[in-house]
Amino acid sequence: MRYLVLSVLLWTVLSTNGQQTIPAADVKSLDGQTIPVRDILENRLTLLSFWATWCGPCKAELDALKDVYPAWQEKYDFQLVAITIDNPRQLAKVSPMIKAKGWPYRFFEDTAGQLRTRLNFQVIPQSYLVNPAGHVVWSSMGFSPGLKDEMEEQLRKASGR
């Protein structure tokens, strides 16, 4: 219970002041190349979505965003970067799932948990909207169908459009 209260307080502080910065950490491309997460952000408005192949709500979120993603990219000039937290054994399922689902996002893996540990979250899907300066301007844990509307509103605000 104490950890839940602390997590909620931390989330509240971070979501209200928007000053959390994405920490320095490395992730890997799905072909195994190590890449600093800040290079992935490319100084662009970015929605980082943490997911796993075994997580139903994660797949529902990525499925729900697939249809609106091209329009949102054009309208808000942003990218969606999906980072799997699957363990090394489960990683073999990632690429086939991406292909079968037709997800158009950029994909990376954090099987070592470096970025996840530094961001200190427990629940997936976990999403962070990051501005071009690398600051988190909005975050969300879990997924429900209405969250898509909230995501678009936050993209609109962050992009100034």
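Just so you know, all these numbers are worked out from the coordinates, no wet-lab data involved. Fair warning: this is a prediction, and the values are worked out from it, not measured in the lab. Every residue, glycine among them, receives a Cβ derived from its backbone with ideal geometry; neighbour counts consider all protein chains shown.
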Any lysines with Cα under 16 Å of the Lys157 Cα? List them, leaving off those in the same chain fewer than 8 positions away. Lys75, Lys148
Note to self: C-alpha centroids of the stretch 21-56 and the stretch 70-137 sit apart, in Å, by 6 Å
Give the lysines whose C-alpha is closer than 20 Å to that of Lys99, dropping any in the same chain fewer than 8 places away, or say none. Lys28, Lys59, Lys66
Using r as the Cβ-Cβ distance of Met141 and Leu30, and R0 as 22 Å, what FRET efficiency do you calculate, to the nearest 0.05? 0.35
Considering only the stretch 2-159, percent of DSSP beta bridges that pair antiparallel, nearest 5: 60 percent
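Loop-only chymotrypsin sites (Phe, Trp or Tyr not before Pro) in the stretch 24-67, please: DSSP not H, G, I, E or B, and at most 16 other Cβ atoms within 10 Å.
The qualifying sites are Trp54.
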Work the Kirkwood hydrodynamic radius out for the stretch 2-159: mean of 1/r over every pair of different alpha-carbon atoms, inverted, in Å. 15.8 Å
Highest to lowest packing among 124-133, 30-39, scored as the average C-beta count within 10 Å: 124-133, 30-39
